[in-house]
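**Q** Okay, here's the structure, questions in a sec.
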Amino acid sequence: MKIVVLVKHVPDAQFDRHLNGEGFTTDRDESILSELDEYALEAALQLAEARGGSKAGNQVIALSMGPAGAVNAIKKSLQIGATEGVHLTDDALAGSDAAATSLALAAAVRHLGDVDLVITGMASTDGETSLVPAQLAERLGLPQVTFASSLEVDGGRLTARRDADTSSETVEATLPAVVSVTDQINEPRYPNFKGIIAAKRKSITTLSLADIGVDPAQVGFSGSWTTVTNAEQRPPRTAGTIITDEGDAGIKLVDFLAAQKLL
Amino acid sequence: MAKVLVFIDNPGASLKKSSLELLTLARSLGESAVALNGELSDGVAAAFGEYGVGTVIRPSTDDLDDFLVAPKAAYLAAAAEAAGAGIVLLDNSPEGKEIAARLGIRLNAGVITDVVAVDADGTGHKSVLAGSYNTACKATTPVSVLTLKANNVTPEPAAAPTTPEAATVEVPAGSSTAAARITAREQKVATGRPDLTDARIVVAGGRGMDGDFGPVEELADALGAAVGASRAATDAGWISHDAQVGQTGKTVSPQLYISAGISGAIQQKAGMQTSKVIVAINKDAESPVFEIADFGIVGDVFDVLPQAAAEIKKRKG
Ligand SMILES: Cc1cc2nc3c(=O)[nH]c(=O)nc-3n(C[C@H](O)[C@H](O)[C@H](O)COP(=O)(O)OP(=O)(O)OC[C@H]3O[C@@H](n4cnc5c(N)ncnc54)[C@H](O)[C@@H]3O)c2cc1C
Ligand SMILES: Nc1ncnc2c1ncn2[C@@H]1O[C@H](COP(=O)(O)O)[C@@H](O)[C@H]1O
């Protein structure tokens, strides 16, 4: 199988995150591989391993679109087990919204030839829109199987489970397809020493917009269909009254709710 | 005046509150039309009139529910074109956002998700980065697609009710050929409690509940609240995954969020820190949840929750 995993390099949520880049974009100083994309990578690795792994010709290609630093998300993916990496990077991509991102990623996926599956995370931990997987499926004309909490592939068909609010669904599609997976699907592995050494020998291909035949005017700030006109930091929540239970905290809680007219 | 199209999916016998919110917002932005999928009951038809809907569009086929998202987006794109819509509004559920995503590509339209308010010019307001920024976003395209978070608009019937016109839109041929098919659907049992995403009050429990959600449920019921949970609690199987609040669960912003035995990790905060009032009960005074609590109790959940529930019942008589 040839699987492309979409991995995004995002600001680490453990630190304060700021929208102080050009056009209110995120400051990318302390960035990491988006945690939610580790589930996508794990799902791909399990499918490849069940088919004999890379020795049997299975490919797990980690594709990331982003500035120079995004290569670190690809390197981490290679350490975890991806077989090769592709870094789509171009100055003209800066400021791309979901529509522009999906356009560039769709072109990159097409550039990679016959792909059986594109697996993504359920959402990026910075943009958090979940728009990219659905838009990618629409652009590629492929079946969309999103928010999968289980995934099986048998020949040219896939079966997934998807939890909606009032029901859970079993979904089937033919390959090739675009699949996004939730954090319920598996337990992502950590890179081990062997993996870290092996990653050094794996190849990372760098692609520009010209390489994938995308006109720079279609992406970035100019090609995006949405623009952020304002961003203001919310005043951080401040701690209120903290009490220690002396046997009557439940009553004090109710007093508080009554005073706030919340009863 | 702008034409505004609202997508309403399978309303059943009556419209959900979030649908009434969409209709109220739509009317404030222009002339509103509805693209419906599913049965049109008498109650829903009457509500459309009360909320001032001009036209109710329905699809030419009734099999849209057999597929995942794609044909619904194709139908809605055709409906938006037929209605000449400049703004399309959907609810902010995972499926609503995905239909919006594909609709955007079909209509060459900018998509803005997680919107809490919309200005007359179509600018959407939303908070990002786990609630740490408020932003304003605008589509630069002729059509804008927005998904509205529940609980941000007060539903209000129109001053002058309408008698909506009926229209049918052809679902584009072939829109289900490349779509994933839903082959089985298992209904979940309703809890009888308010829906987590639009509840006025949420009582949430974490690992500190140590396998027993009874005290959380008891307090929730005394308050008429929905039950939420941290991922530690849902992963442990103490409560259904549907109750998870946070980055990979639901985002809630109720009037009151009571956090019990939850440490307040960044992924949990992402789903609840825009709540109006936050109350936290945790036995560890150093827990990060106390940094965002309006009222914090350093104490044991098994003492505090039952005592509060009993006191509420006593006061309510
Ligand atoms: C990719 C990813 C996505 C995630 N998504 C989410 C998400 O959507 N939602 C989410 O919640 N988490 C999410 N998490 C997990 C998150 O990082 C935390 O691990 C989780 O929120 C911890 O849950 P907790 O606070 O219940 O447990 P803990 O962190 O273990 O905290 C338990 C708390 O209970 C207190 N306690 C124990 N006993 C008692 C008692 N008897 N009385 C009072 N207090 C008591 C303890 O002092 C402690 O503070 C995610 C993690 C990852 C990596
Ligand atoms: N710049 C990017 N590079 C690679 N993958 C991406 C990028 N942006 C989004 N994705 C993928 O799309 C998923 C959903 O992202 P989003 O739509 O931004 O919430 C992520 O989990 C990634 O798998």
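The values are calculated or read from the model by the stated rules, or taken from the named source; none is laboratory data. Quick caveat, the model's predicted, so the values are computed rather than measured. Cβ atoms come from the backbone with ideal geometry, glycine included; neighbour counts cover every protein chain shown. Ligands, DNA and RNA are excluded from the accessible area calculation, which covers all protein heavy atoms including side chains. Shrake-Rupley method; radii C 1.70, N 1.55, O 1.52, S 1.80 Å.
**Q** Give the range B:88-117 a look and list any residue that's closer than 18 Å to B:LEU25 by Cα and assigned to a loop (DSSP other than H, G, I, E, B), or say none.
**A** Of everything in the range B:88-117, those that are closer than 18 Å to B:LEU25 by Cα and assigned to a loop (DSSP other than H, G, I, E, B) turn out to be B:ASN92, B:SER93, B:VAL116.
**Q** Right, next: Kindly state which strands (runs of 3 or more DSSP E) lie completely within the range A:161-263 and contain at least 1 residues that are in contact with a Gly (Cβ under 8 Å, 6 or more places away or on another chain) and surrounded by fewer than 19 Cβ atoms within 10 Å (Cβ to Cβ).
**A** Those strands (runs of 3 or more DSSP E) span A:167-174, A:204-207, A:226-233, A:241-244.
**Q** Let me ask another. Kindly check whether there is at least one residue in the range B:232-242 that is buried (at least 24 other Cβ atoms within 10 Å of the Cβ) and within 20 Å of A:GLN184 (Cα to Cα).
**A** Yes.
**Q** On the given criteria, is B:ALA139 without any contact (Cβ under 8 Å) to a residue 24 or more places away in the chain and either open to solvent by 30 Å² or more (accessible area, probe 1.4 Å) or at the interface with chain A (Cβ under 9 Å from one of its Cβ atoms) (or both)?
**A** No: the conditions fail for B:ALA139.
**Q** Anything in the range A:171-195 that is in contact (Cβ under 8 Å) with a residue 24 or more places away in the chain and more than 22 Å from the chain's Cα centre (by Cα)? List them, or say none.
**A** Result: A:THR174, single match.
**Q** Is there a residue being of a type outside the set (Asp, Glu) and not in a loop (DSSP other than H, G, I, E, B) anywhere in the range A:10-18?
**A** The answer is yes, given that some residue of the range A:10-18 is of a type outside the set (Asp, Glu) and not in a loop (DSSP other than H, G, I, E, B).
**Q** For a quick check of your reading: which helices (runs of 4 or more DSSP H) sit entirely within the range A:30-115 and have at least 2 residues that are under 19 Å from A:SER203 (Cα atoms) and charged (D, E, K, R)? So that I can check it myself, show each step before the final result.
**A** Values: elements: A:35-50, A:71-80, A:98-111.
The qualifying helices (runs of 4 or more DSSP H) are A:71-80.
**Q** Restricting the search to the range A:19-29, which residues are away from chain B (no Cβ under 11 Å), more than 16 Å from ligand 2 (Cβ to nearest atom) and not in a helix (DSSP H, G or I)?
**A** Scanning the range A:19-29 gives a single hit, A:ASP29.
**Q** Restricted to the range B:249-292, and to residues that are away from ligand 1 (no atom under 12 Å from the Cβ) and free of Cβ contacts under 8 Å to residues at least 40 places away in the same chain, which residue is nearest to the chain's Cα centre (by Cα)?
**A** Result: B:LYS276.
**Q** Of all residues in the range A:10-32, which are open to solvent by 10 Å² or more (accessible area, probe 1.4 Å) and within 10 Å of the chain's Cα centre (by Cα)?
**A** Those that are open to solvent by 10 Å² or more (accessible area, probe 1.4 Å) and within 10 Å of the chain's Cα centre (by Cα): none in the range A:10-32.
**Q** Can you tell me which of (1) under 25 Å from A:ASN20 (Cβ atoms); (2) in contact with a strand residue (DSSP E or B) (Cβ under 7 Å, 6 or more places away or on another chain); (3) open to solvent by 10 Å² or more (accessible area, probe 1.4 Å); (4) of a type in the set (A, V, I, L, M) is the one A:LEU112 doesn't meet?
**A** (1) is the only condition that A:LEU112 fails.
**Q** Here is a follow-up. Within the range B:106-136, take every residue that is open to solvent by 20 Å² or more (accessible area, probe 1.4 Å) and more than 26 Å from B:THR154 (Cβ to Cβ) and give me the one that is farthest from the other protein chains (Cβ to nearest Cβ).
**A** Among those residues, the one meeting the criterion is B:LEU107.
**Q** Test B:ALA85 against the stated conditions and say whether it is part of a helix (DSSP H, G or I), surrounded by 24 or more Cβ atoms within 10 Å (Cβ to Cβ) and at negative phi. Break it down stepwise before answering.
**A** On the way: part of a helix (DSSP H, G or I): no; surrounded by 24 or more Cβ atoms within 10 Å (Cβ to Cβ): yes; at negative phi: yes.
When the stated conditions are applied, B:ALA85 does not pass them.
**Q** Which of the following residues is in contact (Cβ under 8 Å) with a residue 40 or more places away in the chain and either open to solvent by 10 Å² or more (accessible area, probe 1.4 Å) or over 25 Å from B:LEU68 (Cα atoms) (or both): A:LEU142, A:LEU117, A:LEU78?
**A** One residue alone meets the criteria, A:LEU78.
**Q** Any idea which residue in the range A:124-139 is least open to solvent (accessible area, probe 1.4 Å), counting only those that are modelled with pLDDT of 95 or more and among the charged types (D, E, K, R)?
**A** A:GLU138
**Q** If a residue counts only when it is surrounded by 12 or more Cβ atoms within 10 Å (Cβ to Cβ) and more than 13 Å from chain A (Cβ to nearest Cβ), which strands (runs of 3 or more DSSP E) contained entirely in the range B:150-209 have at least 1 such residues? Before the answer, list the steps.
**A** Values: elements: B:165-169, B:181-187, B:201-205.
It comes to B:165-169, B:201-205.
**Q** Looking at (1) over 30 Å from B:ASN92 (Cα atoms); (2) out of contact with any strand residue (DSSP E or B) (no Cβ under 7 Å at 6 or more places or on another chain), which is the one condition that is false for A:LEU207?
**A** So A:LEU207 meets the others, but not (2).
**Q** Now for a different question. Given the conditions (1) within 14 Å of another protein chain (Cβ to nearest Cβ); (2) touching a strand residue (DSSP E or B) at 6+ places or on another chain (Cβ under 7 Å); (3) open to solvent by 10 Å² or more (accessible area, probe 1.4 Å); (4) within 16 Å of ligand 1 (Cβ to nearest atom), which single one is not true for A:ALA40?
**A** A:ALA40 satisfies every listed condition except (3).
**Q** Taking the criterion of being of a type outside the set (Gly, Ala, Ser) and in a loop (DSSP other than H, G, I, E, B), would at least one residue in the range B:29-41 satisfy it?
**A** yes
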